[in-house]
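Notes follow once the structure below has been shown.
Please treat every number below as a calculation from the coordinates, not as lab data. Small disclaimer: the values here were computed from a predicted structure and weren't measured. Every residue, glycine among them, receives a Cβ derived from its backbone with ideal geometry; neighbour counts consider all protein chains shown.
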Amino acid sequence: MASNKKYWKSEAELNPNDSIVETLRHNEFVQDIPVDDFLGDKENLASSSTNRRDFLKYVGFSTAAATLAACEGPVTKSIPYVVQPESIIPGVANYYATTIANGYDFASVLVRTREGRPISILNNTDSKTNGSANARVNASVLNLYDSTRLQGPTLNGEAVAWGDLDAAVKMKLGSLKGSGKEIALLTQTYASPSTKRLISEFKDMYGSNVNHVIYDTISQEAALNAFEKRYGIRALADYDLSKAEVIVSFGADFLGDWQGGGFDAGYSKGRIPQHGKMSKHIQFESNMSLSGANADNRIPLKPSEQKVALANLYAKLSNSSVGGELSEGVKAALDLAVDKIKKAGSKAVVVTGLDDENAQAIVLAINEMLGSVSYNSNEPILTRQGDIKAVNALIDSMKAGRVGAIFIDGVNPVYSLPNSDEFVEGLKNVSLSVNFSTNENETTSVSQYVAASSHYLESWGDVEIKKGHFALTQPTIKELFDTRQFQSSLLKWMGSDKSYYDFIKETWASSILGGSDWDQALHDGFYVKSKLETIVDDVIAPIVVEGDSEASLSPVPLASSLRALASASNSEMELVLYPKTGMGDGQMANNPWLQEFPDPITRVSWDNYVTVSKSDAEKLGFVNENVANGGLDGSYAKITVDGVSVDKVPVIIQPGQAVGSIGLSFGYGKKVGMKSEMQTGVNAYPLYQNFSNVQSVSIEKSEGNHEFACVQLHKTLMGRGDIIKETTLEIFNTKDAKDWNVQPVVSLDHQEVAATSVDLWDSFDRSIGHHFNLSIDLNACTGCGACVIACHAENNVPVVGKDEVRKSRDMHWLRIDRYYSSEDTFEGDNIKKDEFDGLTGDKGSLGGFGELEHPASNPQVAFQPVMCQHCNHAPCETVCPVAATSHGRQGQNHMAYNRCVGTRYCANNCPYKVRRFNWFLYNNNDEFDYHMNNDLGKMVINPDVTVRSRGVMEKCSMCMQMTQKTILDAKRDGRVIKDGEFQTACSAACSSGAMIFGDINDKHSKVAELKESDRMYHLLEHVGTKPNVFYHVKVRNTEEV
Amino acid sequence: MKKVTYRNQFSKVLGVNLLVCLLFSANLFSQDEGASAGDAAKGKSLFNQNCAACHALNKRMTGPALANVEESIEEEGLDREWIYAWVKNSPSVIASGDAYANKLYNEYNKAAMTPFPTLSNEDIDNILAYTAAPPPAPVKAVAPVGGGENASSDNGFSNELILGALVLVFAMLVMLLFMVNKTLRRIAEANGVVVEKEASEVRTPIWKAFVQNQFLVLVTTLILILCGAYFVYGYMMQVGVDQGYAPVQPIHYSHKIHAGDNKIECKYCHSSARVSKTSGIPSLNVCMNCHKSISEYVGNPEGPSQDDLANGRTNEFYTGEIKKLYKAVGWDESTQSYTGDSKPVEWVRVHNLPDFAYFNHSQHVSVAGVECQTCHGPVEEMEIMEQYSPLTMGWCINCHRETNVKVEGNEYYEKIHAELSKKYGVENLTAAQMGGLECGKCHY
């Protein structure tokens, strides 16, 4: 039984009277091009000073001039190296393993360089520790080429030499030594063994008054405290979700940035149904997060209610009881969760993102109690070590004048501290402030010295991502500017002439490698200590709390925590602050790729916003509407927390947002040092009172309307259904594939026949040579968007800016459509209500009641990456008047830009709406001041892919340049190509295994096997396009469809 | 079109004779001087094989200048035995604490001389003979006897002259006729003869007839338009095709001397053509592999050709270009070391493919085994590098249609070639049949 659910992309689509949405469904443009307005205006034409003759003169002259100018070819210079480095061959890419560790994102990556300049970031697939680069990490290469980067150290805004800075700092440090005044180092989390040693040596040198304060912009204080109390180490528990059969999450967006992120690969592994089994994921949360969107059961709950629910879960698991009020639906959901957890036993895992130490402690206890195999406290995550108490103490000391010098690295406290006023005030009492930063920002503008620091691709470094899991950062390019990294400066100030590289090598030789080869570790980019070694090194045993070991089932030691949780105070409106997938904590806000990256859930780019539930929005008078040009407009809100208010926050009505809660993302609203186009959104940090991401809040409507650049209604499929196919695990296991993966039929001679059997065209023989196919598994795709940015970087996709995106002129070759679904009609609801029988199961009232209220209150979500489908019978190819787009034997749909004359027939005729038109010249054009208009930004351009000009169509090429490169390499070596060698940018970036690329003529390849799967289907199969991209039916582990 | 100078056989013979005489006399000299005689001719070839990489006769290079080395050694109070020992194993001489050896070692940047244990004493004698009395510099070219070339250029000149004269004669004839006619008429008039008008009034002139015949006008116009269009099209298709483009380069680099005269393999300098999409302009350190020891151009023994001289390309000119290289790479000849003060050479790119066309050298050079000359023309004959092929798409495609894929011994092609050749029913597949005409193979 195929689901006959209604799919919708925007809340507005549910309103049958919305004429604009209706128009958008059928037309690419809501408005006609106003030709008549212009030509019909006789008066205007008559009064124009340019008459027809003049016009012809101009045309004639410019044509003649252009013709003459074209006769002379430009002289191109070719400048070889004086001494060519041995490792560089012009035209051949080099790869270096390195690690990003910017305090927020930590990942082992491969950097691809061409002629010595890094051009893209790839996954380091050898590293199993934290091997996936998310969208931000993929985009981080562009920050290296940011034209607004600091190009050298400054003193009060004036350029200064490093030597002078060093002298001044050394003098000050010397005078502070033993003076009793504090020397403060306020830094990001490094998790770096070498930096740790370096700072301790610095302490040895300048006395005990050196105070190293670690500050995480977005704090994990509660989780860190809970883990520290239990295990004695300031770290975060690690989870391997691939081993979990049941995952219950209380507000933990583990597919996002929860605990530093990186859990999606493991999660996706468990989500692909194999042998009739897949993991069950139940999510209690308030904002619609990526994790919630992927969950089988999602229960929207305010954070305070989540706490009560968590307390009850614990109580139920330990067969006790605890107070706290919960609604029927939630109770039912809890019962379901308890039931599943008990069944799964050690194969279950509970996680929480609640910013509450009690909640975190309870979760640790539950996982221990379950003996969860996914739970790992022996190798905890070390990438968050911030300490809020220390930060606050530092601010107090600064205000009291007890701090003599402060060195800031990797953080921007003036922007990100909720109490940044106090920090600025305190900074005035500090006689020396040195701020390491790659860009000008809010903190550099109030610091004395700004020490221009190097980008991570220009730096040395090391990091211990998890206990015993080490990684190395190596420079992939020489410093572009006169910059120096923090650690090198510390070494200088300690009077050492050692380089930081030597220092790291020493550290590794003495305490990490234990005889292993340094060169090998550097080559791999990571080093994992064997288990035995780790255990011998540091025994992490649980701190024995009374009766903990034998009475782990008893709630006694946690009783106080439980009570506190169960009686969590409930406020009328709760604000949940969260990091957005594209922006994180905001340190890469000057990155145009990330700004233009549409949020996976809301599909809004270039903005942050407050997400409000439909019913709250109606209560408060917020509206979202689509205006005539197809753009989305929203009301403004004023949000007040504890007397601090942020005004003019745009409102997005978010399906699935828990009633009584609102969400707002960090990372936006930066002003200092930003290009004007990038100064988007509002700053949420002032609302981050006491570093708690949950706030009691008051919200009211504000004047005016905000214009969003939201792509969710763009490129619609013109009302053709069956884009998403989904089913439940039960049906998947019990029924035939033809029931849940319905093959479309068409009428031929008044007979219904399979759509694939009828064709307008003859098929070509594609059995010889390579035939590329891309498989996309809707079960494994989490919607994380790493592929979108990877595609941007690989294919030189231009950034068009907010105004253009609003006009649906975004250039993403790969979009990730997000569909909401719920019951189709209210009649369906009525029938369903009448048939309610019990709480759970097919006819359970669980979730059912929620859906009855309004379809938008808690929809199911599906993500679907859509790029050019490379149809074997492509509709675009037949309509091109100049044969600019044609088909290759290897299955790729080619696009010859130089041949294209821009009629856009192809885009019109494409049923998948994947073709993009260059409305403007996006490179070398200062109207588009992003990165393609300056020499620095252009260094990121991939030299193997044409930079398109104005007036031509472009689209996904299935990374032709990559497949051709693979073939050429094999030809040169005279060998057969192995499976897995063929990759596209998106499939290489996909760490969750949702995208698999390969040659289906190689019968042993993974993709050939996937094509034979029962779950395989093509988009719009009945159109008869025979695409080379195929999808896998989404299977939900639920009872109801 | 230039003709190769036919060199005078006589002068050649003369030159060789002279050379032999001089060599012979040198031998006599050395026999007089040296304790044991050596064969300078053998010595020369030994010197070139073993020593020339680091030593020159009259110039300090990696090692000292070796002209009359024995004399200078004797000044130090050392004899030939010392030289034998030094050449055969210099490190041991240094290690033995020999004062002069250590002085030399330190003076030349502590670069020990490669030991030559294979050289016999006799060989070393021969080399010493050569260094003591080097053969004279090659005989400067005897002023070329202007045989063939002059004649040929005379011919060209006279042809034009004759043609011009003919035209002149023709014009004079026409004028004469006209004048005769005029004079006759005048005479006739004077004699009172009325020259009758011809029946021209009756017959319409031909142009009028043509104008009146509309069909003819139409046809002619059409033909004119078509012809015009043909030529305009032909002209337009030439826009942007830079065949024959031979820009002046910052350093006059002669492919003729390098690839032609000295037969240096193309891919020695353009090494990335094997593995990369670009052939790569060699970096200056590649030039210095040879030019560290070749600091001046001595040309061919006969001296610069007529053509070279006409263009000012004397030996001194070429040596000057080598100095430009030294300046760019920062090579100090006097100390034989790099100063570190370098400046990249800004070559003018000759072959400019448009950005939207992807071309990969290694595909053609390594996989297909295409000779460089197939596309770049007889580079080894080019004094100034020029674009030989049109580099148009039509040109690419033609070659893809005509060229067979080189599949022998390449495992990659095994399966696909077997299947495809069966499908097309051919023995050997062309690049086009292999898919080399698909748009996306070169445009992405």
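Points worth noting:
- If R0 equals 41 Å, the separation of the Cβ atoms of B:Met175 and B:Arg203 corresponds to a calculated FRET efficiency of about 0.90.
- Rounded to whole Hz, the Karplus (6.51, -1.76, 1.60) HN-Hα couplings of the range B:321-333, x for glycine and proline: 5, 5, 5, 4, 4, 4, 5, 5, 8, x, 9, 9, 5
- Amide H contacts of A:Arg1036 (H built 1.01 Å from N, in plane; Pro and chain starts excluded): A:Thr727, A:Thr728, A:Leu729 sit under 5 Å, all sequence-distant by 5 or more or on other chains.
- Estimated distance in nm for a label pair at A:Ser78 and B:Thr62, the labels positioned 7 Å out from Cα along Cα-to-Cβ: 3.0
- Arranged from fewest to most other beta-carbon atoms within 10 Å of their beta carbon, A:His1022, B:His55 become A:His1022, B:His55.
- When the P(r) of the range A:100-240 is calculated, the portion above 25 Å amounts to 51% of the C-alpha pairs.
- Using only alpha carbons, the range A:717-1036 has a radius of gyration to Kirkwood radius ratio (Rg to Rh) of 1.00.
- q = 0.12, 0.13, 0.19 Å⁻¹: log10 I(q)/I(0) that the Debye formula gives for the range A:574-710, counting C-alpha atoms only: -0.42, -0.50, -1.12
- Between A:Lys648 and A:Gln743, the contour length at 0.36 nm per residue exceeds the Cα-Cα span by 29.3 nm.
- Considering only beta bridges that DSSP places wholly inside chain A, some 65 percent are antiparallel.
- Directionally averaged projected area (convex hull, Cα atoms, chain A), nm²: 46.8
- Taking B:Cys287, B:Cys269 and counting other C-beta atoms within 10 Å, the order from fewest to most: B:Cys269, B:Cys287
- Count Lys and Arg as plus one, Asp and Glu as minus one, and take only other residues whose Cβ is under 10 Å from that of A:Gly292; the net charge is then -1.
- Measuring nothing but how far apart in sequence close Cα pairs (under 8 Å, 6+ apart) lie, relative to its length, chain A scores a relative contact order of 15 percent.
- Rounded to whole Hz, the Karplus (6.51, -1.76, 1.60) HN-Hα couplings of the range B:160-166, x for glycine and proline: 4, 4, 4, 4, x, 4, 4
- Averaged over residues, the count of other Cβ atoms within 10 Å places the peptides A:618-626, A:152-160 in the sequence A:618-626, A:152-160, highest first.
- Label zone at B:Ile384, where the point sits 7 Å out along the Cα-to-Cβ direction: the range B:310-328 residues whose backbone N lies under 17 Å: B:310-314, B:317-318, B:321
- Sequence-distant residues sharing a close amide H with A:Asn439 (under 5 Å, placed H): A:Leu150
- Pairs exceeding 31 Å between alpha-carbon atoms, taken from A:Lys580/A:Lys965; A:Lys965/A:Lys1006; A:Lys580/A:Lys725; A:Lys302/A:Lys399; A:Lys675/B:Lys441: A:Lys580/A:Lys965; A:Lys302/A:Lys399; A:Lys675/B:Lys441.
- Paramagnetic reach from A:Ile88 in the range B:319-349 [backbone N under 20 Å; point 7 Å along Cα→Cβ]: B:328-331, B:339-349
- Shielding by partners for peptide A:972-985, expressed as the average number of C-beta atoms from other protein chains within 10 Å of each residue's C-beta, is 2.
- Estimated Rh, the range A:204-271: Kirkwood, alpha-carbon pairs, angstrom: 14.4
- Site pair B:Ala246 and B:Ser96 shows an inter-label distance of 5.8 nm when each label is modelled 7 Å from Cα along Cα→Cβ.
- Prolate/oblate/rounded label for the range A:900-975 (Cα gyration tensor, a/c 1.5): oblate
- Counting beta carbons within 10 Å around each of A:Thr507, A:Thr903 and listing the fewest first gives the order A:Thr903, A:Thr507.
- Cross-linked pairs A:Lys971/B:Lys267; A:Lys955/B:Lys343; B:Lys277/B:Lys343; A:Lys331/A:Lys614: Cα-Cα separations exceed 31 Å for A:Lys955/B:Lys343.
- Label-point separation, B:Ser45 to B:Glu321 (7 Å along Cα→Cβ), nm: 3.1
- Förster radius 45 Å - calculated FRET efficiency between B:Glu408 and A:His275 (Cβ-Cβ, nearest 0.05): 0.40
- Applied to the range B:93-101, the Karplus parametrisation 6.51 cos²θ - 1.76 cosθ + 1.60 on θ = phi - 60° returns per-residue 3J(HN,Hα) values of 5, 5, 5, 6, x, 4, 5, 5, 4 Hz, with x for Gly and Pro.
- Radius 14 Å from Cβ of A:Tyr636, net charge of other residues (Lys, Arg +1; Asp, Glu -1): -4
- Per-residue ellipticity at 222 nm from helix content only, as computed over chain A with -39500 (n - 2.57) for each DSSP H run of at least four residues, stands at -8000 deg cm²/dmol.
- Taking Cβ atoms as reference points and 15 Å as the exclusive limit, the residues near A:His1004 contribute a net charge of -1, counting Lys and Arg as +1 and Asp and Glu as -1.
- At R0 = 41 Å, FRET efficiency that the Cβ-Cβ distance of B:Val232 and B:Ile162 yields, to 0.05: 0.70
- The P(r) of the range A:433-538 has a tail past 15 Å containing 68 percent of all C-alpha pairs.
- Both the radius of gyration and Dmax for the range A:93-136 are 10.3, 30 Å, in that order, over alpha-carbon atoms.
- Taking amide hydrogens as placed 1.01 Å from N in the peptide plane, the amide H of A:Tyr375 sits under 5 Å from those of A:Asp240, each at least 5 positions away in sequence or on another chain.
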